[in-house]
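The values are calculated or read from the model by the stated rules, or taken from the named source; none is laboratory data. This structure is a prediction, so every number in the text was calculated from the model and none was measured. Cβ placement follows ideal geometry from the backbone for every residue including glycine, while neighbour counts extend to all protein chains displayed.
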Amino acid sequence: MRRFTSYILLLIIFFSPFSFAADGPDSTRILRVADAPAFVVNIRHAPHPDHTRIVIDLSRPVLYSLTWISETTLAVELSPAVLGVILQEKRSLSIQEKFLKKIEIKKAERDKITLLIAFKASGEYKVFTLPNPDRLVIDVFLPKPEDEVEGELNRSDSTIRIPAPFEIKTIVIDPGHGGKDPGASSRRGLTEKDIVLDVALRLKELVQRELKKKVIMTRDEDVFVSLKDRTELANQKKADLFISIHVNSAPKQHTKGIEIYLLGRATDEAAIATAARENATSEEAALNLQELILNDLEREFTLNASLELAHHTQEALIKHLIPSYPTTALGVKQAPFFVLAHTDMPAILAEISFLSNKIEEKRLRTKRYRQHVAEAIYKGIKAYIQSLKTGF
Ligand SMILES: [Zn+2]
């Protein structure tokens, strides 16, 4: 496959922008939708015995092309695409991996990104895409040097070493609010603190029974626990994952959906508003926290892992919850949440529906829905743990 440039049309445009040119106000909207660039959310890599896998996380499908520009450098062009928050400040990743040397990010034109992936030898690649969330996966197969093949024949136990997988032993489940802090509440008096405690206890049961993992609850009854105590508990116990469960609320009644948050610069104004509400601070304080966390580069591993966990959870919700309870998958978002900023382990915050929406409020009242939500989140955690073994 090498030496050939493969252009693959991944973006399926259902509406040709031109056919809407005469349609008045709508044409602008459709043009914008068709032209909207994808965010390159993250770039991950994992060594496998005979290949290196590079996964590019995208917010939507893009056009891509791959070319070997030298014996050992593969250029990946993405368009229309822009860099997501995590990658904006980090344009070059030096890598200590068996085959892979370096990934460089170049912004070629306004909405075109070129990744230069440098290997230690020349090889062949396979490229494919995965949906929900959209990913571009590149597997590069590199031939083993001859002396190594001999070495392996002589010492059959010294095959290529994959770094020890990050093992999940303890999971903290954090039902938001409690006691004097009810969180969001509906017109009919249903409170966030009660819903999330019930969902969290159901999730605990599933994680313990099915995954055989240790679960620590930040609260298991209707008591007030400060955000600081929640994160300190998780850090002290050296938990491996932190799952915070909340219910959303919005000024507009028609707003609905499920969203998964991880720590980062707020994706939009609604995300800042949600973080401010959950942090029980002003939007200004949430923005200050945002500046603080962005300077903390040590969080890189945790952020990447959180993003993975967030994507798997989001995918599980789309697959296992939304078919029975139609709503909007609002996606994986970033915002400066206190509980996510102060935990030392991969952490996500799930906003399971809007208490301010009539239909979703009705669902949140039922045990059946709460059990479904717990099961979907559990499946997300399970898929994430599985991915640590397989590199997806
Ligand atoms: Zn909340």
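Numbers for the structure displayed
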quantity: Thr327 vs. criteria within 16 Å of the ligand (Cβ to nearest atom) and either among the polar types (S, T, N, Q) or at pLDDT 85 or above (or both); calculated: no
quantity: First in the stretch 176-199 and closer than 16 Å to Thr274 by Cβ, second anywhere and acidic (Asp, Glu), Cβ under 6 Å, 6 or more apart; calculated: His177/Glu192; Gly183/Glu192; Ala184/Glu192
quantity: Residue ID - surrounded by the most Cβ atoms within 10 Å (Cβ to Cβ), chosen from residues in the stretch 270-289 that are of a type in the set (Gly, Ala, Ser) and part of a loop (DSSP other than H, G, I, E, B); calculated: Ala280
quantity: Residue pairs meeting the criteria (Cβ under 7 Å; at least 6 apart or on separate chains; first in a loop (DSSP other than H, G, I, E, B), in the stretch 312-339; second among the β-branched types (Val, Ile, Thr)); calculated: Leu321/Val373; Thr327/Ile258; Pro336/Ile293
quantity: Where Ile173 falls short, out of the listed (1) assigned to a loop (DSSP other than H, G, I, E, B); (2) modelled with pLDDT of 95 or more; calculated: (1)
quantity: Residue match in the stretch 172-188 (condition: crowded, with 22+ Cβ neighbours inside 10 Å, away from the ligand (no atom under 16 Å from the Cβ), closer than 18 Å to Leu317 by Cβ and in the same structural domain as Thr327 (by TED's automatic domain parsing)); calculated: no
quantity: Residues located in the stretch 344-389, provided they are more than 14 Å from the chain's Cα centre (by Cα), outside any helix (DSSP H, G or I) and more than 16 Å from the ligand (Cβ to nearest atom); calculated: Asp344, Met345, Thr366
quantity: The stretch 227-265: number of residues that are surrounded by fewer than 23 Cβ atoms within 10 Å (Cβ to Cβ), assigned to a loop (DSSP other than H, G, I, E, B) and either in contact with a helix residue (DSSP H, G or I) (Cβ under 6 Å, 6 or more places away or on another chain) or not assigned by TED's automatic domain parsing to the domain that holds Lys213 (or both); calculated: 2
quantity: So Glu351, is it in contact with an Asp or Glu (Cβ under 9 Å, 6 or more places away or on another chain), of a type in the set (D, E, K, R) and crowded, with 22+ Cβ neighbours inside 10 Å; calculated: yes
quantity: Any strands (runs of 3 or more DSSP E) falling wholly within the stretch 67-158 and containing at least 1 residues that are modelled with pLDDT of 85 or more and within 30 Å of the chain's Cα centre (by Cα); calculated: 73-79, 81-83, 100-109, 112-119, 124-130, 135-141
quantity: The stretch 189-206, subset hydrophobic (A, V, I, L, M, F, W, C) and part of a helix (DSSP H, G or I), residue nearest to the ligand (Cβ to nearest atom); calculated: Val196
quantity: Some residue of the stretch 234-251 being away from the ligand (no atom under 14 Å from the Cβ) and closer than 19 Å to Gly183 by Cα; calculated: yes
quantity: Any hit, the stretch 208-220, residues being within 13 Å of the ligand (Cβ to nearest atom), under 20 Å from the mean Cα position of the chain (by Cα) and buried (at least 19 other Cβ atoms within 10 Å of the Cβ); calculated: no
